[in-house]
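Down below is the structure, laid out as structure tokens.
The values are calculated or read from the model by the stated rules, or taken from the named source; none is laboratory data. These numbers were taken from a predicted model, which means no experiment stands behind them. Ideal geometry is used to build each Cβ from the backbone, glycine not excepted, and the neighbour counts take in all protein chains shown.
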């Protein structure tokens, strides 16, 4: 009986050897940090932008207020910690995204990387990844927003698929 175990183990090891030989040994290619002078159209983004609105295309209830009161206005249902989020875009193409750093009792988090704005595409390169957001600015360039398709966990535990629009307002210096 022990012989059968060794045969099976040998077969598994042989199989793993063949499978591993077919694996791609190339390391993951990380995006190169963005560099270079800003274009005239990118200068508008330089500065600090604080979250000022979060809306959904579907009513959701995320407030833990013991009431069934779904709304498309996620920002007003959010905690102070969730409202403590801002981007800072610098002239040297670096950026930071901070959460929880200005409100007591919040978990602080900072993400940093490099950025580029090409027409309405905001490219953010961070660590070994990148994201592109389709941004739109208001008339006087004091706000920008982008929309993502997300699953929102409601207070009752249900997941609701929605298109969520995040709006950021430029902070005055």
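Just one of the listed residues (35, 44, 48) is closer than 30 Å to residue 151 by Cβ, modelled with pLDDT of 90 or more, surrounded by 10 or more Cβ atoms within 10 Å (Cβ to Cβ) and touching a strand residue (DSSP E or B) at 6+ places or on another chain (Cβ under 9 Å), and it is 48.
Just one residue in the set 23, 9 is modelled with pLDDT under 95, more than 26 Å from residue 127 (Cβ to Cβ) and out of contact with any helix residue (DSSP H, G or I) (no Cβ under 6 Å at 6 or more places or on another chain); that residue is 9.
Could you tell me which residue of segment 76-99 is surrounded by the most Cβ atoms within 10 Å (Cβ to Cβ), considering only residues that are touching a residue at least 40 places away in the same chain (Cβ under 8 Å) and touching a strand residue (DSSP E or B) at 6+ places or on another chain (Cβ under 8 Å)? Per the stated criteria, the residue is 89.
Return the residues of segment 100-120 that are farther than 21 Å from residue 29 by Cβ, surrounded by 12 or more Cβ atoms within 10 Å (Cβ to Cβ) and in contact (Cβ under 8 Å) with a residue 12 or more places away in the chain; say none if nothing qualifies. Those that are farther than 21 Å from residue 29 by Cβ, surrounded by 12 or more Cβ atoms within 10 Å (Cβ to Cβ) and in contact (Cβ under 8 Å) with a residue 12 or more places away in the chain: 100, 101, 102, 103, 106, 117, 120. Residues of segment 125-144 that are buried (at least 16 other Cβ atoms within 10 Å of the Cβ) and closer than 17 Å to residue 41 by Cβ: 133, 135, 143, 144. Considering segment 70-161, the qualifying strands (runs of 3 or more DSSP E), each wholly inside and each with 2 or more residues that are within 19 Å of the chain's Cα centre (by Cα), run over 85-89, 94-99, 109-118, 121-126, 129-134, 143-153.
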